[in-house]
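Enquirer: Take a look at this one; I'll ask things after.
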Amino acid sequence: MAVLSRSPHRNRLIAATPLSARISRPGASGEPVRSRPEPLLIRASAGTGKTYQLTGRLMRLLADGAAIESILATTFTRKAAGEILSRVLLALSEAAVDDSGKKLNELRDQVGGDALSRPTAERLVHALVRDIHRLRILTLDSLFSQFARTFDYELGLPPGWRLTDPVEDAWIRERAIDDMLGGLEGSTVTALLAMLGKGDTKRSVRREMLAVVNDGYAEARACPPEAWQKLDVPSGPEPERLAEAAERLRSTRMGHKSADGQLVKLAESVESGEWEAASVHKLVADVHCAGPAAELLYYRKPVPEEARLAIDLIAAACRTHFLGLLRAQTEATGEVIAAYETHLMSLKRTMRALAFDDLAHRLAGLFAMVSPGRAGLRLDGALEHVLLDEFQDTSPAQWAVLKPLALAAVDPQGSGSFFCVGDTKQAIYGWRGGVAGIFDAVQEQIPGVQQRNQDESFRSSPVVIDVVNRIFKNLLRHPEFADGGDPDAAPHDRTAYEAAAITHFSTNFPEHSAHKQRLPGHFTFSCTSASEADRREDSETRSARHFGEVAKRIAELAESMPGRSIGVLTRTNRTVGGLIHLLRRGGVDVSQEGGNPLTDSAAVELVLSALMMAEHPADRRWWFHVAHSPLAGWLQTGPQDETHAAAGRVRRLVENLGIAGAVIEIADRLVTVCDEQDRARLRQLVALAERHELNRQPRLRDFVERVRVERIEKPRPAQVRVMTVHQAKGLEFDCVVLPELEGVLTRQARQTIAKKADAGSAPDAMLRYAGADHWHFLPTVWQRAFGGHAAGLMTESLCLLYVALTRARQALHLIVQPADKPDFKNKSASALIYHALGCGARDDLDPTVGGRVWEEVGDAGWSDPGASCQAETESPK
């Protein structure tokens, strides 16, 4: 019996009898059989209960008799998957044991019917607990891992393959770059780097290569090699004609000294062959973009016809030069990425290691040929019911795997069902491959899908919801975007695409409502103080002053509302670290979402210095740290001691005991001089070292890097939690503070732009990015591709703002720096909000004056027990 219980065939023997045959179906005990659920897509705004809807759909399938192994529910985080499972088990359990029938009625409301009984709920709980390992509620990464282990032969995976962690994957990528560069001649590397950087070879070779492959590899691996060779370069004017054009400019007089000087300057650029300088000249852009019939003014003087003809000829030469460089740069990028992929895949085959992106890419190709039925046979159960959570963050490769499952689920000849829920207003992961357009295309690609909108918030107070509506319904009040944008009229104008994106977001923004009408709330929109002298300081000094004042306000909020959670949401990780430092210095109980790296402990930093001293004995920084610490006596380090001797002692510890053993030995010497917080962090460091040694090739350098980047939760969550908006996705707080709303709304981070037929398809052409001042030289099809990318960045920026605002339950505080100019029309979130709330139309407001509250709504005493108890208890959505 013991042998049988350990046999790998035991589960297969059990699976030979489908679970659906071991659970009684509706109808067997007099329960009515319900109709097949319709394919459904729910657009669920923030806080409106998308998890409630998904768990309700899942429980309805179970109640209708669907086999547990036939249900697939996917989401993006383990936390979300655990929440879905917990809600299912809790709702069924409470309905089964509640004699009053209240929980059963709530369950019936959630699943959508009155047929569900307490015995059925009890039976489903027992079935789920008994076979919970067969219920697939998991992340896409986990699902793809299951598929990969099921189809490892078809995918060409090596025996004993494994998944890498982020630190190891980064090391493999860097190693692939080193191997690629090592196989090239020095002159070849120099020439390639010059082409990659348009002749600029100032950056290090390795750094430039890493920037290129990290940016373009994910999309480039899905397109053919010829996609990098799609840019046509027109022939330029003959040199003689250009010389005549330059001479014509020199002889032209416009009646304005500065204008005449600029014509001469342009002529000199042409004569000396400085095409980059000529390309960015305002006259060249104006003439090239203006139609032949359009009147063109320069310094308020009309440009003579002969000068226009000369500049038009120069613009043609600039265009040829620019497109030639861009094509060479693009082709070089394609060559680098192709060579990089060869070395990367070779390394991964040797190490038998793959990243999650590798699985998605391989599975996308496989599922174009493998039927979902075959996948079901391999998985010991057909996947008939597909439920997709957070669908707006799905990437093209992921959709290529999921789409065949979705199509099979809605097959009229089958018995499956399809359900997906998401919100394109919360699509904030475009930088890691998510494409919100896939969500919009579901109705076209999946037959019979019905759409439903959810815009009633069960999270936020009416005050918060009203502010959210006012902001996003009035985005076009910003002076820069008031005209709404018309990319068709100006396909080369980046602002036109951005304005069109804002217009689309604002006009399609649904009116939100608050379910908890009696829940008190408070909103403030204010700026930190700034004197005339302060405004003359550099931006970094002003920013430091701003965040110092923000930290004081947060400390006051925390003191005034004990027991209430406060979320401080920023745009960048750098701001997170700075604010945490300021708040801790002010005595505020604060932590970072997802935990902090263990390096927030001085004791851990000391252990890492000892390890790095062993790894790099010639670097005396680590020796200096150790020599002036409690470890100095133990390692016998001192001013007269040689660095190599101390490093050798630590290195022998690692060789004899392993990384974890060495960490334990060093940490034991520190516990007597540490406080409880440092001792807890040292224990977590030991646990991390033990996990790291499970890697096949544990390296000391990689362990130190892992400690510096991996976040580990502290045992007790703090009242104030500081994080980026991306990290706040899926969370909610009693009070939210947004202290970083300055800066441009969009930042160009991509080095390559893809041209696609639609959002979910592979690129058919690739091009290196060019600045917006050169877009008028691009062919129209590429202008639209670049403009579409700019519009996507703007939309994602608005989504980020939406996510930040809707994390608040009751209080929302926006704290910004004073504006530089009274019109406050820069392209920042603070300016958008200022105008959307109508502050720009008020005569009594000057946004350059600091220390003012620009807008305040609601009850400042919302956190008082008397006010809070008035809020009604609502549905558990």
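Enquirer: Would you tally the residues in region 683-698 being open to solvent by less than 60 Å² (accessible area, probe 1.4 Å) and either more than 18 Å from residue 612 (Cβ to Cβ) or free of Cβ contacts under 8 Å to residues at least 24 places away in the same chain (or both)?
Expert: Initial filter on region 683-698 (open to solvent by less than 60 Å² (accessible area, probe 1.4 Å)): 684-689, 692, 695, 698.
Subset that is either more than 18 Å from residue 612 (Cβ to Cβ) or free of Cβ contacts under 8 Å to residues at least 24 places away in the same chain (or both): 684, 687, 695.
So the count comes out to 3.
Enquirer: So, residue 374, is that one among the basic types (Lys, Arg), open to solvent by 20 Å² or more (accessible area, probe 1.4 Å) and touching a residue at least 12 places away in the same chain (Cβ under 8 Å) or not?
Expert: Numbers: among the basic types (Lys, Arg): yes; open to solvent by 20 Å² or more (accessible area, probe 1.4 Å): yes; touching a residue at least 12 places away in the same chain (Cβ under 8 Å): no.
In short, no.
Enquirer: Does residue 245 qualify as being surrounded by fewer than 18 Cβ atoms within 10 Å (Cβ to Cβ), in contact (Cβ under 8 Å) with a residue 12 or more places away in the chain and not basic (Lys, Arg)? Step through it out loud before you land on a result.
Expert: Working: surrounded by fewer than 18 Cβ atoms within 10 Å (Cβ to Cβ): no; in contact (Cβ under 8 Å) with a residue 12 or more places away in the chain: yes; not basic (Lys, Arg): yes.
So residue 245 does not fit the description; no.
Enquirer: How many of the residues in region 278-288 are buried (at least 16 other Cβ atoms within 10 Å of the Cβ) and without any contact (Cβ under 8 Å) to a residue 40 or more places away in the chain?
Expert: In the first step, residues of region 278-288 are kept if they are buried (at least 16 other Cβ atoms within 10 Å of the Cβ); the result is 278-279, 281, 283-288.
Restricting the remaining residues to those that are without any contact (Cβ under 8 Å) to a residue 40 or more places away in the chain gives 281, 283-284, 286-287.
Qualifying residue count, region 278-288: 5.
Yes/no per residue for (1) closer than 28 Å to residue 408 by Cβ; (2) within 33 Å of the chain's Cα centre (by Cα); (3) surrounded by 17 or more Cβ atoms within 10 Å (Cβ to Cβ); (4) acidic (Asp, Glu):
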{"residue": "93", "(1), (2), (3), (4)": "no, no, yes, no"}
{"residue": "101", "(1), (2), (3), (4)": "no, no, no, no"}
{"residue": "107", "(1), (2), (3), (4)": "no, no, yes, no"}
{"residue": "132", "(1), (2), (3), (4)": "yes, yes, no, no"}
{"residue": "153", "(1), (2), (3), (4)": "yes, yes, no, no"}
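Enquirer: For region 768-781, enumerate the residues that are open to solvent by less than 10 Å² (accessible area, probe 1.4 Å) and out of contact with any Gly (no Cβ under 8 Å at 6 or more places or on another chain).
Expert: Going residue by residue through region 768-781, those that are open to solvent by less than 10 Å² (accessible area, probe 1.4 Å) are 770, 775, 777-778.
Correct list: 770, 777, 778.
Condition check ((1) farther than 16 Å from residue 112 by Cα; (2) crowded, with 23+ Cβ neighbours inside 10 Å) across all residues:
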position: 54; (1), (2): no, yes
position: 60; (1), (2): no, no
position: 75; (1), (2): yes, yes
position: 80; (1), (2): yes, no
position: 87; (1), (2): yes, no
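Enquirer: Which ranges mark the helices (runs of 4 or more DSSP H) fully within region 213-328 that have 1 or more residues being over 23 Å from residue 755 (Cα atoms) and hydroxyl-bearing (Ser, Thr, Tyr)? Before the answer, list the steps.
Expert: Values: elements: 239-251, 257-271, 275-279, 282-289.
Result: 239-251, 257-271, 275-279.
Enquirer: State the number of residues belonging to region 514-562 that are within 29 Å of residue 455 (Cα to Cα) and either touching a strand residue (DSSP E or B) at 6+ places or on another chain (Cβ under 7 Å) or surrounded by fewer than 18 Cβ atoms within 10 Å (Cβ to Cβ) (or both). Give the derivation first.
Expert: Start the filter on region 514-562 by keeping residues that are within 29 Å of residue 455 (Cα to Cα), which leaves 514-526.
Subset that is either touching a strand residue (DSSP E or B) at 6+ places or on another chain (Cβ under 7 Å) or surrounded by fewer than 18 Cβ atoms within 10 Å (Cβ to Cβ) (or both): 514-515, 517-526.
Residues that pass the stated criteria total 12.
Conditions tested, residue by residue: (1) open to solvent by 10 Å² or more (accessible area, probe 1.4 Å); (2) part of a loop (DSSP other than H, G, I, E, B); (3) touching a strand residue (DSSP E or B) at 6+ places or on another chain (Cβ under 8 Å); (4) under 24 Å from residue 438 (Cβ atoms).
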| position | (1), (2), (3), (4) |
| --- | --- |
| 754 | yes, no, yes, yes |
| 766 | no, no, yes, yes |
| 786 | no, no, yes, yes |
| 789 | yes, no, yes, yes |
| 809 | yes, no, yes, no |
| 823 | yes, yes, no, no |
| 846 | yes, yes, no, no |
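Enquirer: Residues of region 63-73 being part of a helix (DSSP H, G or I) and either open to solvent by 20 Å² or more (accessible area, probe 1.4 Å) or not charged (D, E, K, R) (or both), which ones?
Expert: Step one: of region 63-73, the residues part of a helix (DSSP H, G or I) are 63, 68-70.
Scanning region 63-73 gives 63, 68, 70.
Enquirer: Determine whether residue 390 is over 19 Å from the mean Cα position of the chain (by Cα) and buried (at least 21 other Cβ atoms within 10 Å of the Cβ). Spell out the reasoning first.
Expert: Numbers: over 19 Å from the mean Cα position of the chain (by Cα): no; buried (at least 21 other Cβ atoms within 10 Å of the Cβ): yes.
No, not satisfied.
Enquirer: Next up: Identify, please: which residue in region 655-682 is closer than 20 Å to residue 628 by Cβ and under 35 Å from the mean Cα position of the chain (by Cα) and is, among those, least open to solvent (accessible area, probe 1.4 Å)?
Expert: 682
Enquirer: Condition test on residue 688, is it in contact with a Lys or Arg (Cβ under 8 Å, 6 or more places away or on another chain) and modelled with pLDDT under 90? Before the answer, list the steps.
Expert: Numbers: in contact with a Lys or Arg (Cβ under 8 Å, 6 or more places away or on another chain): yes; modelled with pLDDT under 90: no.
So residue 688 does not fit the description; no.
Enquirer: So the check is Cβ under 6 Å with 6+ separation or different chains; which pairs have a first residue in region 704-733 that's small (Gly, Ala, Ser) and a second one that's open to solvent by 50 Å² or more (accessible area, probe 1.4 Å)?
Expert: Every condition considered, the pairs that remain are 718/589.
Enquirer: Do we have any residue at all in region 80-90 that's modelled with pLDDT under 90 and within 29 Å of residue 141 (Cα to Cα)?
Expert: As a first pass, look at region 80-90 and keep what is modelled with pLDDT under 90: none.
No, the conditions are met nowhere in region 80-90.
Enquirer: I would also like to ask the following. Which condition number in (1) surrounded by fewer than 13 Cβ atoms within 10 Å (Cβ to Cβ); (2) under 30 Å from residue 564 (Cα atoms) is the one that residue 720 fails?
Expert: (1)
Enquirer: Here's something else I'd like to know. Got a sec? Which of 297, 309 is over 30 Å from residue 208 (Cα atoms), surrounded by fewer than 18 Cβ atoms within 10 Å (Cβ to Cβ) and at pLDDT 90 or above?
Expert: Details: 297 fails: at pLDDT 90 or above.
Exactly one of 297, 309 is over 30 Å from residue 208 (Cα atoms), surrounded by fewer than 18 Cβ atoms within 10 Å (Cβ to Cβ) and at pLDDT 90 or above, namely 309.
Enquirer: When region 617-641 is examined, which residues are found to be at pLDDT 85 or above and part of a loop (DSSP other than H, G, I, E, B)?
Expert: Within region 617-641, 628, 629, 630, 631 meet the criteria.
Enquirer: Please go through region 399-442 and pick out each residue that is open to solvent by less than 30 Å² (accessible area, probe 1.4 Å), of a type in the set (S, T, N, Q) and assigned to a helix (DSSP H, G or I).
Expert: Listed by number, the list holds a single entry, 426.
Enquirer: If I go through region 469-518 residue by residue, how many of them are assigned to a loop (DSSP other than H, G, I, E, B) and small (Gly, Ala, Ser)?
Expert: Filtering region 469-518 down to residues assigned to a loop (DSSP other than H, G, I, E, B) leaves 474, 478, 482-493, 508-512, 515-518.
Subset that is small (Gly, Ala, Ser): 482, 484-485, 489-490.
So the count comes out to 5.
Enquirer: Determine whether region 180-195 contains at least one residue that is part of a helix (DSSP H, G or I), modelled with pLDDT of 80 or more and either surrounded by 16 or more Cβ atoms within 10 Å (Cβ to Cβ) or aromatic (Phe, Trp, Tyr) (or both). Talk me through it step by step, then tell me what you get.
Expert: Taking region 180-195 and keeping what is part of a helix (DSSP H, G or I), we get 180-182, 186-195.
Of the ones still in play, those that are also modelled with pLDDT of 80 or more are 180-182.
Those left that are additionally either surrounded by 16 or more Cβ atoms within 10 Å (Cβ to Cβ) or aromatic (Phe, Trp, Tyr) (or both): 180-181.
Among the residues of region 180-195, at least one is part of a helix (DSSP H, G or I), modelled with pLDDT of 80 or more and either surrounded by 16 or more Cβ atoms within 10 Å (Cβ to Cβ) or aromatic (Phe, Trp, Tyr) (or both), which makes the answer yes.
Enquirer: Are there any pairs, at least 6 apart or on different chains, whose C-beta atoms fall under 7 Å, with the first in region 844-856 and of a type in the set (D, E, K, R) and the second open to solvent by 30 Å² or more (accessible area, probe 1.4 Å), and if so, which?
Expert: 846/822
Enquirer: Does residue 60 satisfy the criteria of being in a helix (DSSP H, G or I), among the basic types (Lys, Arg) and touching a Gly at 6+ places or on another chain (Cβ under 9 Å)? Reasoning before the result, please.
Expert: Values: in a helix (DSSP H, G or I): yes; among the basic types (Lys, Arg): yes; touching a Gly at 6+ places or on another chain (Cβ under 9 Å): yes.
Yes: the conditions hold for residue 60.
Enquirer: Tell me which of these residue 675 doesn't satisfy, since it passes every other one: (1) closer than 22 Å to residue 596 by Cβ; (2) in contact (Cβ under 8 Å) with a residue 12 or more places away in the chain.
Expert: (2)
The values are calculated or read from the model by the stated rules, or taken from the named source; none is laboratory data. Quantities reported herein were computed from a predicted structural model and do not represent experimental measurements. Counting neighbours? That spans all protein chains shown, and the Cβs are built from the backbone with ideal geometry, glycine included. Ligands, DNA and RNA are stripped out before the accessible areas are found, and what is left, the full protein with its side chains, is counted by its heavy atoms. Shrake-Rupley method; radii C 1.70, N 1.55, O 1.52, S 1.80 Å.
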